[in-house]
Amino acid sequence: MSDFFLFADEAGDFTFRRQSGASRYFILCTLTTVNAGLSHDLLQIRRGLILAGESDRDRLHATEDKQHVRDQVFACLGNHSFRVDATVLEKSKAPSRIRTNDAQFYQVAWFHHFRRVGPIVLGQADRLLLTAASLGTNKTRAAFKQGFNNAIQQVADRARWQTSFMESAKDPLLWAADYCAWAIQRKWERADDRSYRLIQPKIRSELDLWRGAVEHYF
């Protein structure tokens, strides 16, 4: 066994009402790997973009990147070995008690995701580092971080894991998790599976958490 590294990002928003621009789903996506080769190659893509004139480029981000950049990133992802897991939450099916605030809903998403994925990953790892892209404003970021940590603590033995909550620009594998989350979201929100098919061989699980629920709360 060895050290495993899990990187997480999310797609969707925390708007719990039906309105233009609000996402139907909130998707928590994790990428798990044992080596840093992918990180090096993503940094090379960023360096190439800077050499091409994008002097302020500090990360790769699927929503903002142009298609020629996405093509490079997805080709890079295809050359590496890692596992992707996603938990999909249809927001209108979320009872009011778990969405009293955004950080609480985020913690619920993490609990259900890691309760399923954590034992699988920890069963293969000596130690696990979980890194999540930070969310919220300066005032709310601490609540999101606490929710993230609390969810993990409910599932896993504290001796074998550590968490890190950081700006996405600081680690290239958060860029990779962002791209995977974006591809999965495109499939669920827009029925557009072009990018999804490029990472599909890496996807080990994709759970619609409330698939059997019939009640919508808004």
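Read-outs: derived from the displayed coordinates by stated rules, not from any lab. Worth saying up front: this structure is predicted, and the values here are computed from it rather than measured. Positions of Cβ are generated from backbone atoms using ideal geometry, with glycine treated the same way; all protein chains shown enter the neighbour counts.
Below is a table of values for the structure above.
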{"quantity": "Interchain or long-range residues, amide H under 5 Å from Trp210's placed H", "calculated": "Glu90"}
{"quantity": "Among Cys180, Cys29, Cys76, residue whose mean-square fluctuation peaks in a GNM of the chain (springs only between Cα atoms under 10 Å)", "calculated": "Cys76"}
{"quantity": "Length gained when the stretch His40-Asp56 is fully extended (0.36 nm per residue, less Cα-Cα span)", "calculated": "3.8 nm"}
{"quantity": "Estimated vicinal HN-Hα couplings, Hz - segment 111-127 in sequence order (Karplus 6.51, -1.76, 1.60; Gly, Pro = x)", "calculated": "4, 5, 5, 6, 4, 8, 8, x, x, 5, 5, 5, x, 10, 10, 6, 9"}
{"quantity": "Shape category assigned to segment 83-173 from the gyration tensor of Cα positions, a/c cut at 1.5", "calculated": "oblate"}
{"quantity": "Prolate/oblate/rounded call for segment 112-218, Cα gyration tensor, a/c under 1.5 rounded", "calculated": "rounded"}
{"quantity": "Net charge of neighbours whose Cβ lies under 13 Å from the Cβ of Leu135, counting Lys and Arg as +1 and Asp and Glu as -1", "calculated": "-3"}
{"quantity": "With at most 11 other Cβ atoms within 10 Å, longest stretch of the chain clear of loop trypsin sites (Lys or Arg not before Pro) (DSSP)", "calculated": "67-138"}
{"quantity": "Estimated FRET transfer efficiency when R0 is 25 angstrom, pair Gln124-Arg194 (beta carbons, to 0.05)", "calculated": "0.20"}
{"quantity": "Distance from segment 164-218 to segment 28-83 (C-alpha centre basis), Å", "calculated": "16 Å"}
{"quantity": "18 Å tail of the calculated P(r), segment 173-218, as % of Cα pairs", "calculated": "39 percent"}
{"quantity": "Estimated Rh, segment 2-208: Kirkwood, alpha-carbon pairs, angstrom", "calculated": "17.5 Å"}
{"quantity": "Candidate lysines for bridging to Lys66, where Cα separation is under 25 Å - those fewer than 8 sequence places away on the same chain excluded", "calculated": "Lys170, Lys187, Lys202"}
{"quantity": "Efficiency of FRET from Cβ geometry, Arg18 and Gln153, R₀ 35 Å, rounded to 0.05", "calculated": "0.55"}
